[in-house]
Amino acid sequence: MRVAVVGGGIAGLTCAYDLQEAGADVVVFEGADRVGGKLLVGEVGGITVDLGAESMLARRPEALDLVAELDLGDRLVHPEPSPATLWTRGALRPMPPTVMGVPADLEALTASGVLSAPVDPRSVPVPEEDVSVGAFVAERVGRDVVDRLVEPLLGGVYAGHADRLSLRAAAPMIAALGPDPVAAAVQRRASGRALPGPLLAGLSGGVGTLPLALAERLEVRLNSTVRAMSRDGGGWTLVVGPTTQARRERFDAVVLAVPAPAASRLLAETAPRAAFTLAGIDYASMALVTFVLEGADLPSGSGFLVPPIDVAAIKAATFATNKWAWLAESAGDAAVVRTSLGRAGDTTALQRPDDELVATALADLRRAVEPVGEVGQVVARRVQRWGGGLPQYDVGHLDAVDAIEADVDPISGLALCGAAYHGVGIPAVIATAHAAAERILGQETMES
Ligand SMILES: Cc1cc2nc3c(=O)[nH]c(=O)nc-3n(C[C@H](O)[C@H](O)[C@H](O)COP(=O)(O)OP(=O)(O)OC[C@H]3O[C@@H](n4cnc5c(N)ncnc54)[C@H](O)[C@@H]3O)c2cc1C
């Protein structure tokens with residue numbers, strides 16, 4: 001069986017690898033001049049760093065299993081566990097224990113000084129229908145908790161807004177706390193049901209090397225944007241490459257591992273309802289400004305998050321050399337800090353030249369750090385923009401995904417995977433890739 005995988009991000013490459021391991025003849029078409037999508041390593045001041053995603057949730061198996069499968073286990077690393085920090089109400093403050101922003105220790109919350117007044121939790125039945133994370137938490141725990149604890153965490157994962165993101169799709173762990181989320185979070189913490197093992201994992205040399213290791217084992221065609229696809233007997237014809245030199249190629253099956261707007265365009269003919277729903281999935285753009293600093297004296301810990309209510313340009317700063325021992329080793333005396341800017345709907349913030357982004361990010365970094373430490377001298381910096389970086393799981397996202405899947409399901413030799421559907425984190429994306437490969441292989445078995 002000949003399979004085309006469209007998109008050479010972590011989803012497409014993983015799916016292609018699974019299919020190839022099962023004996024399929026697979027070609028990955030990647031529109032850009034490199035593989036990896038949102039996973040990318042690059043150099044800043046001669047130091048190799050991740051310029052995109054930099055860590056993987058270690059509490060799910062998919063990413064760790066893939067690392068092992070590719071014999072990269074000796075490069076698997078875990079950041080030093082360190083309490084999260086918020087830059088809020090004019091100071092860096094310890095983030096009290098929470099379940100995705102829902103307080104789990106009221107004494108620690110008071111001591112942190114993150115909120116100006118104590119919380120007044122309430123029990124309100126969990127609605128049947130989907131609601132926004134913000135509405136759910138505000139009604140039960142108060143607006144201040146949404147603004148100062150939930151927003152920065154959602155900003156970190158989705159670059160989104162609590163009042164738009166779906167409770168069920170973006171924060172199921174909050175929904176699972178039930179009608180009185182604070183009582184449930186406090187009880188969970190008090191009963192010591194903390195999960196064992198490290199929360200996060202990375203790769204020495206950067207998480208961005210993971211797609212490179214996959215691509216080495218696959219046939220990947222770079223600079224090969226797939227422009228159209230159509231049914232061709234029992235298979236598919238793809239139109240690939242620049243419009244002036246487009247080539248046609250036939251395959252038995254196609255996996256679309258591209259962001260929702262591209263999937264929507266490609267499905268317009270064969271699955272118009274799916275295409276329509278995909279077109280409605282919004283994306284947040286963001287930028288990462290990475291600094292190499294000399295003479296820095298950073299606070300301990302892996303960095304800080306910034307609630308949007310505190311009006312800063314940056315929404316987070318990662319003290320990458322505090323977080324990753326491999327990076328500290330390669331940076332020597334220098335410190336590496338990466339700041340992130342941009343949230344869903346916030347188009348103007350990023351429509352500024354690189355130098356302005358650098359200046360505002362650095363000014364915020366100094367405002368946050370210099371009351372307690374030193375930022376030092378910038379010896380190198382790099383701006384990496386991520387237009388359409390993260391899909392927004394708005395209220396109703398799970399219904400939208402159901403509708404997309406219902407439209408695609410009856411079409412044989414077609415599967416979708418990637419960050420638009422069942423989670424944006426690397427392990428969740430890998431899970432969709434495995435499922436897409438299984439779907440294609442399952443159909444082949446049924447047909448033969
Ligand atoms: C800045 C940033 C930081 C992040 N940090 C983390 C993190 O630390 N941990 C974590 O778990 N997750 C993180 N994420 C999320 C995670 O990286 C992504 O959700 C995931 O990598 C998406 O993978 P994907 O394969 O679905 O899509 P993508 O990585 O978007 O790959 C899709 C690929 O398809 C290609 N393509 C598009 N259209 C076509 C076409 N028509 N023809 C051919 N090719 C096409 C694109 O060029 C791209 O290479 C981060 C995301 C961003 C933007």
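Could you tell me the relative contact order of the chain? Use alpha-carbon pairs under 8 Å, at least six residues apart, and round to a whole percent.
RCO, the chain: 24 percent.
Mind checking the per residue accessible area of the chain for me, 1.4 Å probe, whole number of Å²?
Each residue of the chain exposes 42 Å² on average to a 1.4 Å probe.
Express in whole angstrom the spacing between the alpha-carbon centres of the range 19-38 and the range 379-417.
So the two Cα centres are separated by 18 Å.
Suppose every Lys and Arg Cβ carries +1 and every Asp and Glu Cβ carries -1, with no other charges. What dipole size does the chain come out with about its Cα centre, to the nearest 20 debye?
Numbers: 37 positive and 54 negative charges, 115 e Å.
So the dipole magnitude of the chain works out to roughly 560 debye.
Which value, in Å² and to the nearest 10, is the accessible area of MET173 when all protein chains are kept and the probe is 1.4 Å?
Here the accessible area works out near 80 Å².
Are there GluC sites (Glu not before Pro) in the range 165-271 that DSSP puts in a loop and that have at most 15 other Cβ atoms within 10 Å, and which ones?
Sites meeting the loop and neighbour criteria: GLU216, GLU219, GLU269.
Label ARG248 and SER191 with points 7 Å out from Cα along Cα→Cβ: what is the distance between them in nm?
Calculated label separation equals 6.2 nm.
Select from VAL207, GLY345, ASN322 the residue farthest towards the positive end of the dipole of the chain; place +1 on Cβ of Lys and Arg, -1 on Cβ of Asp and Glu, and compute about the Cα centre.
GLY345
Which FRET efficiency value, to the nearest 0.05, is calculated for ASN223 and LEU398 with the Förster distance at 35 angstrom and r the Cβ-Cβ distance? Can you show the working numbers first?
On the way: r = 36 Å, r/R0 = 1.02.
Computed FRET efficiency for ASN223 and LEU398: 0.45.
Please tell me the relative contact order of the range 78-133 in percent, rounded to the nearest whole number, where contacts are Cα pairs under 8 Å and at least six residues apart.
Result for the range 78-133 is 21 percent.
If you place +1 on the Cβ of every Lys and Arg and -1 on the Cβ of every Asp and Glu, how big does the dipole about the Cα centre of the range 307-387 come out, in debye to the nearest 20?
Roughly 240 debye for the range 307-387.
With the cut-off at 1.5 for a/c, could you classify the range 61-142 from its C-alpha gyration tensor as rounded, prolate or oblate? Mind showing how you got there, number by number?
On the way: a/c = 3.44, a/b = 1.55, b/c = 2.22.
Oblate, since a/c reaches 1.5 and b/c is not below a/b.
To the nearest 0.05, what FRET efficiency results for ASP409 and ASP120 with a Förster distance of 51 Å applied to their C-beta separation?
The formula returns an efficiency of 0.65 here.
Rounded if a/c is under 1.5, else prolate if a/b is larger than b/c, else oblate: which is the range 283-391, with a ≥ b ≥ c the root eigenvalues of its Cα gyration tensor?
Verdict is prolate for the range 283-391.
Rounding to the nearest 10 and keeping the result within 0 to 90°, find how far the Cα-based axis of helix 10-21 lies from the longest principal axis of the chain.
Orientation of helix 10-21: about 40 degrees from the principal axis.
Relative contact order for the range 165-250: what is it in percent, counting Cα pairs under 8 Å that are at least 6 residues apart?
Taking the mean separation of contacting Cα pairs over the length of the range 165-250, I get 12 percent.
Ignoring ligands and nucleic acids, what accessible area does SER166 show with a 1.4 Å probe (Å², nearest 10)?
About 0 Å², ignoring ligands and nucleic acids.
Given springs between every Cα pair under 10 Å in a Gaussian network model of the chain, which of ALA215, ALA287, ALA228 has the largest fluctuation?
It is ALA228.
Just going by the charge dipole of the range 326-428, with Lys and Arg at +1 and Asp and Glu at -1 on Cβ, which of GLY387, GLY332, ALA361 is farthest out on the positive end?
GLY332
Taking every DSSP beta bridge that has both residues in the chain, what percent is antiparallel when rounded to the nearest 5?
Roughly 75 percent of the DSSP beta bridges within the chain come out antiparallel.
Under a plain spin-label model, where a point goes 7 Å from the Cα along Cα-to-Cβ, how far apart in nm are TRP326 and GLU69?
About 1.9 nm separates the two model spin labels.
List, in order, the whole-Hz ³J(HN,Hα) value for each residue of the range 119-135 obtained from phi through the Karplus relation with A = 6.51, B = -1.76, C = 1.60 and θ = phi - 60°; use x for Gly and Pro.
These are the phi-based 3J(HN,Hα) values: 7, 10, x, 9, 9, 9, x, 6, x, 5, 7, 6, 9, 7, 4, x, 4 Hz.
With a bin width of 20 angstrom, please list the P(r) values of the chain as percents of all Cα-Cα pairs, from the 0 bin to the one holding the largest distance.
24, 56, 20, 0
Determine the shape class of the range 85-190: with a ≥ b ≥ c the square roots of the Cα gyration tensor eigenvalues, call it rounded for a/c under 1.5, and otherwise prolate if a/b is greater than b/c, oblate otherwise.
Verdict is oblate for the range 85-190.
Carbon-plus-sulfur fraction of the accessible area of the range 283-391, 1.4 Å probe, in percent?
49 percent
Please determine, in degrees from 0 to 90 and to the nearest 10, the orientation of helix 354-369 with respect to the longest principal axis defined by the Cα atoms of the chain, where the helix direction is its Cα long axis.
Relative to the chain, helix 354-369 is tipped by roughly 40 degrees.
Between the helical axis of 181-190 and the dominant principal axis of the chain, each derived from Cα atoms, what acute angle in degrees is found, rounded to the nearest 10?
That helix lies at roughly 80 degrees to the long axis.
Quick one: if you stick a label point 7 Å off each Cα along the C-beta vector at GLU80 and VAL379, how many nm between them?
A separation of 2.0 nm, rounded to one decimal place.
Among ALA184, LEU398, GLY295, flag the residue with its Cα farthest along the positive direction of the charge dipole of the chain, charges on Cβ as +1 for Lys/Arg and -1 for Asp/Glu.
GLY295
The values are calculated or read from the model by the stated rules, or taken from the named source; none is laboratory data. All values derive from a computational prediction rather than experimental measurement. When we count neighbours, we look across all protein chains shown, and the Cβ atoms used for this are built from the backbone with ideal geometry, even at glycine. Just so you know, the surface numbers come from the protein's heavy atoms only, side chains and all, with ligands and any DNA or RNA stripped out. Shrake-Rupley method; radii C 1.70, N 1.55, O 1.52, S 1.80 Å.
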